[in-house]
Structures are given as C-alpha cells and as structure tokens.
Amino acid sequence: MLPGMVAKPRVAIVGAGNFGTALAFALHAAGYAIDSVVVRSRVGPLRKARTLAKRVGAHAAIDLSDVRAELIWICVPDSSIAYVARSLADQTTWKGKIAVHFSGALTSDELSVLRERGAAVASVHPLMTFVRGSRPALTGVSFALEGDAAALRVARRMVRDLGGHSYSIRKQDKAAYHAWATFASPLFTALLATTEQVATLAGVSRKATRQRMIPILQQTLANYAAFGAAGAFSGPIVRGDVDTVKRHLHVLRGVPAAREVYLGLARAVLQYLPVKNKSSLKRLLDSRQVYSRQV
C-alpha cells in the first residue's frame, strides 16, 4: 500500500468496454467504491459510461479533473494505452496514486508517463475472456501482475478480494504469456468456427452443429481438467489409424482452410502427445500426397 492509502482504495475505471464493465461490477460487489467511469467521448461512450456508473454507484466523466479515486484502472485496447496515459497525465495530480492497465501483452512501461509524474504503475491481466453480453465471474481466475512494488501490493489485495489468484510475470515473458492466452480462448473459438464449417460437409446446419457439439466439448474440457492433455486425447490419431486420417484429409478438400488447420493440429499431436503408429502418421502428414487431389 502507498502511505496513507486505505485498504480498499477508490477506483476510477477508464473505458466502459467489455472488461471495464465486468471489472466495475466485480469490484463493486467486492466492496470497492467505484468513484467514476471515465470515457473520452461525449457521444455514445458517455451514454454507456453513465449507464454503467449508475449501476455501480459512480459518476461518468470525460476526464480526471473531478475524479477522487486513488487507483485509476485503464481498460482500453492495447494500441490506445500509451496514448490514454499521455492524455490523462496532466488531468490530475499523480503523486500517491496508482495506475494500472489490463493488457496481457504490454508491460507497465506503457504507463511510464504517469510513473514520471509520481504514480506507482502496474499491468494486471486476468486469464479470462470478456465478450459483450457476458459478465464472467473472476473467482478462481489467475491474474498476471507486473510493475512497481507499491502498485503490486495493492493489486494483489484487489485480486484476492475478487476471489482470484495473482502471480508475478517478467516483462520479457508477457508476449509469450499473451500468445498462450490467445490459444486458450480466441484461437480455440476460431477452431470451433472452423469445426462448424466442417460440419456442413456432413450436411449439418451451423445452429445444429453448436447444439450437438456442446456435450462432447464439455466432456473434453472435463477430461482435460481431470486427466491433462494426454489423458483427454482420443480419436483416430491416438490410435494410429492412418486410413481414417487419409479419409479425413480427402473429404476436407471441400474446406481448404479447415484442412490446413487439421494438418497443423495433427502435426502438433505428433510433437506433444503420445500416439501409436507415429512414424506412419508422420509420413502421411509430411507427404506431398496430402497436397494432391487424391489421398
């Protein structure tokens, strides 16, 4: 904690997007006073900020001039963090305050202009997905923290109050960390979208595909949670069934992008998971045959 700061500092949320909204509700429920929701525009964003602010007992603002918060949490896209920090730098006195951003890929140095003005800064990223219309619980969520010691002490307390788990990450590891997070959710979602396209080859509509896939997806995640990747892996590749893989590659000519995904994931299987008949599968996947019209 910074000298004189209460255990639960007042918070200003800069940005009223998916994460800013979820964070405001979560902090409010955890007993934190949300002083304000700050946006840069008087048009649509300000209306959204007013709606959110009303629900968490805060006020909406377009700058920090009337903001009394001790902690400013910047919840804007990565490409805007440094710009927003510069625009906020002269709007209030930063000495004794804490400024954090939630980027998974960028370090606390994005807020260096606020650090120079006396703020303690940090990056605080939850390993969770935030989309419009969803407000995920933060209980049990891991938060990667990096930054100044004073800011980290407060951030760890906040994460604990939210029911999450915090751990330190090195600046040089953030890009790899965010790539991992991207595999865990956005690219996983892309895989599901690809799966829907493959289902059309079997004459299944997209709506029916989603409904029919949910049970197997849920069981796969349950298996992964209980047994890890190796224990959860099933299907023709783990059995070393070369002929079935050939049939898959043949029919997937109808969805070329999905075929490339299949090949990439199948090669990853041979690299990371135990399978039977690995040498024969590798020859098939590496053969020119997989690029020809006949498989």
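The values are calculated or read from the model by the stated rules, or taken from the named source; none is laboratory data. All values reported here derive from a predicted model rather than from experimental measurement. Here the Cβ is made from the backbone with ideal geometry for all residues, glycine too, and neighbour counts use every protein chain on show.
General remarks:
- Where strands (runs of 3 or more DSSP E) sit wholly within segment 38-136, those with at least 3 residues that are closer than 27 Å to residue 173 by Cβ and not hydroxyl-bearing (Ser, Thr, Tyr) occupy 71-74, 98-101, 120-126.
- Verdict on residue 27 being assigned to a helix (DSSP H, G or I), within 22 Å of residue 148 (Cβ to Cβ) and either under 18 Å from the mean Cα position of the chain (by Cα) or among the polar types (S, T, N, Q) (or both): no
- Only one of 176, 85, 89 that is farther than 18 Å from residue 38 by Cα, modelled with pLDDT of 95 or more and not charged (D, E, K, R): 176
- Looking only at segment 150-160, and only at residues there that are under 20 Å from the mean Cα position of the chain (by Cα) and among the charged types (D, E, K, R), the one that is farthest from residue 124 (Cα to Cα): 160
- Filter pass, residue 141 being touching a strand residue (DSSP E or B) at 6+ places or on another chain (Cβ under 9 Å) and at pLDDT 95 or above: yes
- Put simply, of 133, 104, 118 the only residue that is at pLDDT 95 or above, at positive phi and not hydrophobic (A, V, I, L, M, F, W, C) is 118.
- Among residues that are β-branched (Val, Ile, Thr), within 24 Å of residue 144 (Cα to Cα) and in the same structural domain as residue 131 (by TED's automatic domain parsing), residue 100 is included.
- Subset of segment 194-213 (residues that are of a type in the set (Gly, Ala, Ser) and either part of a helix (DSSP H, G or I) or surrounded by 15 or more Cβ atoms within 10 Å (Cβ to Cβ) (or both)): 199, 208
- The set of residues in segment 210-227 being within 25 Å of the chain's Cα centre (by Cα) and not hydrophobic (A, V, I, L, M, F, W, C) consists of 210, 211, 215, 218, 219, 220, 223, 224.
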